[in-house]
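Please treat every number below as a calculation from the coordinates, not as lab data. Quantities reported herein were computed from a predicted structural model and do not represent experimental measurements. We place every Cβ from the backbone using ideal geometry, glycine too, and count neighbours over all the protein chains shown.
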Amino acid sequence: MNGKTLCVIGGGASGMAAATEAARYAKNHKLDIKIVIFEKLPKVGKKILATGNGRCNILNSEPAKDKFFGNRKVINSVLDKYTVESNVEFFMSLGLYLTHEADGRLYPLSLQASSVLDALRFELERLNVEIICDTPVTSISRKGNGFLLNDEIYADSVIIAGGGKSSSVHGSDGSAFNLLSSMGIRIKPTFPALTAVKLKNKDGSLKGVRAHGEIMIVENGKVVASDSGEIQYTEYGISGIPVMNISRHVAEHFQLHKKGKIIAAINTLPDFLPEEIFSYIVTRSKSNPELLCENLLSGLMPKKLGISKLRAAGIAPESTVGTLTKNHIAVLTEVINSQLFEISGTLGFDNSQVTAGGADTSFFNPSTLECEKINGLFACGEVLDVDAVCGGYNLTWAWSSGRCAGYNAIKNLSEKTDA
Ligand SMILES: Cc1cc2nc3c(=O)[nH]c(=O)nc-3n(C[C@H](O)[C@H](O)[C@H](O)COP(=O)(O)OP(=O)(O)OC[C@H]3O[C@@H](n4cnc5c(N)ncnc54)[C@H](O)[C@@H]3O)c2cc1C
């Protein structure tokens, strides 16, 4: 009996993956090491239930490392070891089968996020991991070779898995950054990512319209990001996957750079060349000059969006297409191809899916995620300065980094015990 304790702070995706990996190792090696998860909310895994619109986009089978932002050395080291295949196996070993959807997105076969949470919970129960809910960890300090949590709980080793500060209703309120910072770990400036974007010159009548398009972010005259897919028009501006994917650059501008203008250029017909759009309109105006302009673009895009484009081009929707001049058509083509909107901000942390920035990964060993200067202290998941675009990549990071920290924390403890 050595009676050592490994504490995991945060019962989210990365914390549960870390505790599972650690507890499996402990069981296989017959180690007498207690593993405890401290969770501030009444239940673990609340955020997992909200992921993928309740279906949980758990992984992506096309693991492109360029989908991640952060320190390449750390990202590559963790993802090379804890690959998509090994994560699929990990979930299969929990009895959870996955299914493929578009763009390599993987979901639980049940298409229910609750299946993912259940699989993890049941395994933690089987492995006798103690889960202590309603217990926020508010302080951490060094005590001997271990740590003291909340000034009273002793831990030989600690994994900080408290997430970032996105969607605080799901528990992640930034307190994990404070814990790491109190241990001398630098916290890089944080900003919301995967969120919606607010536009100054938006068209309120478009609320609820969804249409394919390309969005380009131009910061002080330079294109800094672009993506395409379904753009959702809202009362405040725009949302949808391509918007969420570029939102990180918008938030970074408002949070860090704060200088100059940031513009969204939206191409409503990215699969058409401008000259093709121009000649389409010319042909339509010749073949049916009596047609009301409000119907001119309805073969190409949702009617409301077409009317919005006409208005932005200074064309009255109730006029007839035969009255359009070449100049009208040129301006309309330009508006369809690249309408410019000044961006006024993002919807912020509470409406974001992930936090960019966070604990500086250069303070951690890339192979183990142990703090280089503090033996026994590990971190994983979103609290680290790693984030990714939509598609299951953020959970990929949570599972892979959690498993990495869990495995190395328990191995480290067992080696100390053996010595
Ligand atoms: C609405 C929504 C949908 C999403 N959908 C997807 C998706 O489909 N696919 C995908 O890949 N990613 C998705 N994400 C992102 C993904 O959920 C996160 O990146 C991931 O959950 C991060 O895992 P984590 O364990 O690091 O942090 P979290 O999941 O945030 O877990 C942190 C846990 O720690 C607890 N905690 C925090 N501080 C303390 C403390 N001081 N003491 C004790 N406990 C503490 C919190 O209550 C929480 O339970 C989504 C996010 C949101 C908000």
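Which distance in nm do the two modelled labels at residue 362 and residue 168 give, with both placed 7 Å along the Cα-to-Cβ direction?
Spacing of the two 7 Å Cα→Cβ label points: 3.0 nm.
Along the positive direction of the dipole of the stretch 1-144 (beta-carbon charges: Lys, Arg +1; Asp, Glu -1; about the Cα centre), which of 97, 137, 38 reaches farthest?
137
Over the stretch 1-123, calculate the relative contact order: mean separation of alpha carbon pairs under 8 Å at least 6 apart, over the residue count, as a percent.
28 percent
Using +1 on the beta carbon of Lys and Arg, -1 on that of Asp and Glu, and nothing else charged, what's the dipole of the chain about the Cα centre, debye to 20?
480 debye
Return 5, 51 ranked ascending by Cβ neighbour count within 10 Å, so the fewest neighbours appear first.
Lowest to highest Cβ neighbour count: 5, 51.
Run down the lysines and flag those whose C-alpha is under 19 Å from the C-alpha of residue 27, throwing out any fewer than 8 positions away in its chain.
Straight-line reach from residue 27, under 19 Å: 4, 411, 416.
For the peptides 360-368, 198-206, 375-383, what is the packing order when you average, over each peptide's residues, the other Cβ atoms within 10 Å and list the highest mean first? Each step should come with its number before you reach the end.
On the way: 360-368: 18.3, 198-206: 16.0, 375-383: 26.9.
Top of the packing list down: 375-383, 360-368, 198-206.
Just want to confirm a number: the relative contact order over the chain, from Cα pairs under 8 angstrom separated by 6+ residues, in percent.
25 percent
Please grab the % of Cα pairs in the stretch 53-132 that end up more than 20 Å from each other.
Above the 20 Å cut-off, the stretch 53-132 has 42 percent of its Cα pairs.
Taking a spot 7 Å from the Cα of residue 228 along the direction of its beta carbon, which residues of the stretch 273-294 have an amide N less than 17 Å from it?
In the stretch 273-294, the label zone of residue 228 (backbone N under 17 Å from the point 7 Å along Cα→Cβ) covers 273-278.
So if each residue of separation counts as 0.36 nm, and I subtract the Cα-Cα distance between residue 143 and residue 86, what length gain in nm does that give?
In short, 16.9 nm is gained.
Over the stretch 274-339, what is the mean sequence separation of C-alpha contacts under 8 Å (at least six apart), divided by residue count, expressed as relative contact order in percent?
About 39 percent, as a whole number.
Among the listed pairs 47/304; 46/67; 40/207; 258/303; 67/304; 43/258, which have their C-alpha atoms separated by more than 28 angstrom in this model?
Result: 47/304; 40/207; 258/303; 67/304; 43/258 exceed 28 Å.
Amide H of residue 34 versus every other amide H placed in the peptide plane: which residues, excluding those fewer than 5 positions away on the same chain, fall under 5 Å?
4, 5, 6
Grab the other residues whose beta carbon is less than 15 angstrom from that of residue 253, score K and R as +1, D and E as -1, and report the net.
Summing Lys/Arg as +1 and Asp/Glu as -1 gives +4.
Quick one, could you list the DSSP H helices from the chain stretching 27 Å or more along their long axis (Cα atoms) with average Kyte-Doolittle hydropathy of -1.0 or above?
Working: long enough: 393-418 (37 Å, -0.72).
Helix filter hits for the chain: 393-418.
Taking every pair of Cα atoms in the stretch 193-266, average 1/r, invert it to obtain the Kirkwood radius, and report Rg/Rh to two decimals. Don't jump to the answer; show the numbers that get you there.
On the way: Rg = 11.5 Å, Rh = 12.2 Å.
Ratio of gyration radius to Kirkwood radius: 0.95.
May I ask for the distance between the Cα centers of the stretch 240-308 and the stretch 359-419, given as a whole number of Å?
First find each Cα centre; the distance between them is then 43 Å.
Would you kindly state how much longer the chain becomes between residue 152 and residue 259 on full extension, computed as 0.36 nm times their sequence separation minus their alpha carbon distance, in nm to one decimal?
My answer for the length gained is 33.9 nm.
Using modelled amide H (1.01 Å from N, peptide plane; none on Pro or chain starts), what sits under 5 Å from the amide H of residue 133, excluding residues fewer than 5 places away?
39
Cut-off is 10 Å between beta-carbons; in what order do 257, 170 appear when sorted fewest neighbours first?
257, 170
Return the percentage of antiparallel bridges among DSSP beta bridges fully within the chain, rounded to the nearest 5 %.
Antiparallel bridges make up about 75 percent of those DSSP assigns within the chain.
Quick one: length gained pulling residue 200 to residue 235 fully straight, 0.36 nm per residue minus the C-alpha distance?
Here the answer is 11.5 nm.
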